[in-house]
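Novice: Have a look at the structure that comes next, please.
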Amino acid sequence: MRGLWTAGVTDVMMEHGIWPDGLIGVSAGAAFGCNYKSRQIGRAIRYNTRFAKDSRYSGMKSLLLSGDYFNAKFGYHVVPYKYDIFDIKAFEENPLEFIIVCTDVTTGEAVYHKMDHVDYDELEWLRASASMPLASKVVKVQGHKLLDGGVSDSIPLQYFESIGYKRNVVILTQPLGYQKEHNRLMPLMRAALWKYPHFLKALDERHQMYNYQLEYVANAERLGRCLVIRPDEKIPIGHISHDPEQMRKVYMMGRKTGEQYIERIKAFYEI
């Protein structure tokens, strides 16, 4: 749900006509970031608040009945077609390159998937990127077994630069000075995901990877290769929330930060 802060920032960017050549999203950054390519300002906050307390969308009932806290069918294959229409035509016609990061549970390594059209499998890739361990079943799509992209590549600036993107805006959801700690839920992770030792290793070492990536981003920022947008303080929401007002508050915090950064973004992109 911290991704709603990011959605606030990106909605402001769209409102000011900032259209980059490419976008890479991880976890909620992918699930909400697809709305940048479809140019649907406000969509992420709209459907999340609308269905915040709807058991068809998320909750313990969904977890117990389907194995997914965020209901796979309703959230990814009903809402976009029936309740808050995803603009497939706009998505597919927009030349912006949109890349989703997932983690292959059999190897523990990142998988980078370019999403340039919309069908059932492509939405499953999107779901996989945001499928948190313990709260989601492994997503099987196109020969891959996938979960949360943040496990293997939380801040994929280095990868994005490696494929040719040299001036990047990086949106982080943690304040300056944050350092990730070792996952305290590793005993539960090991019990639930024992069949995937390489994935467990990636989970066990995630804090090291994440903190290295923070250092990489900081160095890139010092050298002028990227512009970093981050909250001034810890975002007042967890991974999961069913409180529409809390969601709106976080989204509006993101919008406020986006407005504060907009001229810097334009200058960085020489708009």
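Novice: If you scan the range 79-91, which residues turn out to be exposed (fewer than 14 other Cβ atoms within 10 Å of the Cβ) and of a type outside the set (Ser, Thr, Tyr)?
Specialist: Lys82, Ile85, Lys89, Ala90
Novice: Considering only the range 65-77, I want to know if a residue exists there that is free of Cβ contacts under 8 Å to residues at least 12 places away in the same chain and aromatic (Phe, Trp, Tyr).
Specialist: no
Novice: Moving to a separate point now. Has the range 98-108 got any residue that is open to solvent by less than 70 Å² (accessible area, probe 1.4 Å) and over 30 Å from Ser162 (Cα atoms)?
Specialist: Looking through the range 98-108, none of the residues is open to solvent by less than 70 Å² (accessible area, probe 1.4 Å) and over 30 Å from Ser162 (Cα atoms).
Novice: Go through the range 227-255 and give me each residue that's surrounded by 13 or more Cβ atoms within 10 Å (Cβ to Cβ) and among the charged types (D, E, K, R).
Specialist: Matches in the range 227-255: Arg230, Asp243, Arg248, Lys249, Arg255.
Novice: Here is a further query. For Leu185, work out the one condition from (1) in contact (Cβ under 8 Å) with a residue 60 or more places away in the chain; (2) open to solvent by 20 Å² or more (accessible area, probe 1.4 Å); (3) in contact with a Leu (Cβ under 9 Å, 6 or more places away or on another chain) it doesn't fulfil.
Specialist: (1)
Novice: Further question on the same structure: Is there a residue being within 23 Å of Val250 (Cβ to Cβ), surrounded by fewer than 21 Cβ atoms within 10 Å (Cβ to Cβ) and polar (S, T, N, Q) anywhere in the range 15-29?
Specialist: Looking through the range 15-29, none of the residues is within 23 Å of Val250 (Cβ to Cβ), surrounded by fewer than 21 Cβ atoms within 10 Å (Cβ to Cβ) and polar (S, T, N, Q).
Novice: Continuing with the same structure: Enumerate the helices (runs of 4 or more DSSP H) found wholly within the range 123-241, keeping only those where 3 or more residues are within 26 Å of Trp5 (Cβ to Cβ), polar (S, T, N, Q) and at pLDDT 95 or above.
Specialist: 206-222
Novice: Still on this structure, I have one more. Could you count how many residues in the range 72-106 are touching a Leu at 6+ places or on another chain (Cβ under 8 Å) and among the hydroxyl-bearing types (Ser, Thr, Tyr)?
Specialist: 2
Matching residues to (1) in contact with a Cys (Cβ under 9 Å, 6 or more places away or on another chain); (2) open to solvent by less than 20 Å² (accessible area, probe 1.4 Å); (3) free of Cβ contacts under 8 Å to residues at least 24 places away in the same chain:
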site: His117; (1), (2), (3): no, no, no
site: Asp121; (1), (2), (3): no, no, yes
site: Asp148; (1), (2), (3): yes, yes, no
site: Phe160; (1), (2), (3): no, yes, no
site: Val169; (1), (2), (3): yes, no, no
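Novice: Let me ask something else about it. Here are some residues: Gly177, Gly224, Gly258. Which one is over 26 Å from Ser136 (Cβ atoms), open to solvent by less than 30 Å² (accessible area, probe 1.4 Å) and out of contact with any Pro (no Cβ under 7 Å at 6 or more places or on another chain)?
Specialist: The unique qualifying residue is Gly258.
Novice: For the range 242-262, name all the residues that are in contact with a Gly (Cβ under 8 Å, 6 or more places away or on another chain) and either under 13 Å from Thr173 (Cβ atoms) or part of a helix (DSSP H, G or I) (or both).
Specialist: Listed by number, the residues that qualify are Val250, Tyr251, Met252, Met253, Gly254, Arg255, Lys256, Thr257, Gly258.
Novice: Another one. So which residues in the range 30-69 are part of a helix (DSSP H, G or I), at pLDDT 95 or above and open to solvent by less than 30 Å² (accessible area, probe 1.4 Å)?
Specialist: Ala30, Ala31, Cys34, Asn35, Tyr36, Lys37, Arg43, Ala44, Ile45, Tyr47, Asn48, Thr49, listed by residue number.
Novice: Further question: Specify which of the listed residues (Ala44, Ala52) is on the phi < 0 side of the Ramachandran plot and within 17 Å of the chain's Cα centre (by Cα).
Specialist: Result: Ala44 is the single residue among Ala44, Ala52 that is on the phi < 0 side of the Ramachandran plot and within 17 Å of the chain's Cα centre (by Cα).
Novice: Working only within the range 123-146, note down all residues that are of a type in the set (S, T, N, Q) and open to solvent by 40 Å² or more (accessible area, probe 1.4 Å).
Specialist: Across the range 123-146, the qualifying residue is only Gln142.
Novice: Output the number of residues of the range 206-245 satisfying the condition of being closer than 21 Å to Phe70 by Cβ and without any contact (Cβ under 8 Å) to a residue 24 or more places away in the chain.
Specialist: Final tally of qualifying residues: 2.
The values are calculated or read from the model by the stated rules, or taken from the named source; none is laboratory data. Nothing here was measured: the structure is a model prediction, and the numbers come from that model. Positions of Cβ are backbone-derived with ideal geometry, glycine not excepted, and every protein chain shown enters the neighbour counts. When the accessible area is computed, the model is the full protein with side chains, heavy atoms only, and any ligands, DNA or RNA have been set aside. Shrake-Rupley method; radii C 1.70, N 1.55, O 1.52, S 1.80 Å.
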